[in-house]
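**Student:** Take this structure, written in C-alpha cells, and hold onto it; I'll ask about it next.
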Amino acid sequence: MQLRACARVQSDKVAFAIEVDNPTASAVKVTVKVSGSWAGVAHTCEPGPAMTHTTVEPGATFTTDPAHCETARQDAPLAYQAEAYIAAGDGQEWIGHAFSPRANVYADRDTLWRCGGDVPC
C-alpha cells in the first residue's frame, strides 16, 4: 500500500485528504485517518468523519472526500499541512504515516509549497 497526504488550497478554504494506492493483485481492507494542521497545531477534521474504513481493490486508488476535512482559509499568512495514517483492516494500530507538502499560504501572493527540509516542491 502506498499512502499520500494531500492539501488542496482554494480561494476560501483549505481541504485535506488521503490517497491510498493498492499496487497488489488482491483487495485490501484498510482504515485511514486524516487531519490537518495550521499555525503549527493539529486539528481534527470538520465536518468529518476523520476516519474511514474501506476496501481498496487491486490496482486501484482510494481517495477520502476532501469535503470531510477542511477549514476556512485565513487572510493572515499561515502554513497548512495534511497528516495521514493507515491501519490494516478495521483496526487503529497505525502502520503507516505521512505528511503532505506544506502549503505556505499568503493573501497577496501565490502559495509556496515546501517539502521536507523546507525545500520547494
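The values are calculated or read from the model by the stated rules, or taken from the named source; none is laboratory data. Note that the structure is predicted; figures quoted are calculated from it, not measured. Every residue, glycine among them, receives a Cβ derived from its backbone with ideal geometry; neighbour counts consider all protein chains shown. Accessible surface areas use protein heavy atoms only, side chains included; no ligands, DNA or RNA. Shrake-Rupley method; radii C 1.70, N 1.55, O 1.52, S 1.80 Å.
**Student:** Among Gly89, Val41, Val28, which residue has its Cα furthest toward the positive end of the charge dipole of the chain, with +1 on Lys/Arg Cβ and -1 on Asp/Glu Cβ?
**Tutor:** It is Val41, whose Cα lies furthest towards the positive end.
**Student:** In percent, how large is the relative contact order of segment 35-121, given Cα pairs closer than 8 Å and 6 or more residues apart? Provide the component values of the computation, followed by the final result.
**Tutor:** Numbers: 130 pairs, mean separation 20.6, N = 87.
In percent, rounded to a whole number, it is 24.
**Student:** Moving on to the next point. Counting only heavy atoms of protein chains, what accessible area per residue, in Å², does segment 16-121 have with a probe of 1.4 Å?
**Tutor:** Averaged over the residues of segment 16-121, the accessible area is 54 Å².
**Student:** Now, a different point. Would you mind counting up the charge near Ala88? Only other residues with Cβ under 14 Å from its Cβ, with Lys and Arg at +1 and Asp and Glu at -1. Walk me through the intermediate numbers first.
**Tutor:** Working: positive: Lys29, Lys33; negative: Asp90, Glu93.
For residues surrounding Ala88, the net value is 0.
**Student:** To continue, here is another question. In what order, largest first, do Ser26, Ser100, Ser11 sit by accessible area if the probe radius is 1.4 Å?
**Tutor:** Ser11, Ser26, Ser100
**Student:** Further question on the same structure: Give, as a single signed number, the net charge of other residues whose beta carbon lies under 13 Å from the beta carbon of Pro120, with Lys and Arg counted +1 and Asp and Glu -1.
**Tutor:** Working: positive: Arg102, Arg114; negative: Asp110, Asp118.
Value of the local net charge: 0.
**Student:** Note down the net charge around Ser11, summing +1 for each Lys or Arg and -1 for each Asp or Glu among other residues with Cβ under 15 Å from its Cβ.
**Tutor:** On the way: positive: Arg8, Lys13, Arg73, Arg109; negative: Asp12, Glu70, Asp75, Asp108, Asp110.
Overall, the nearby charge balance is -1.
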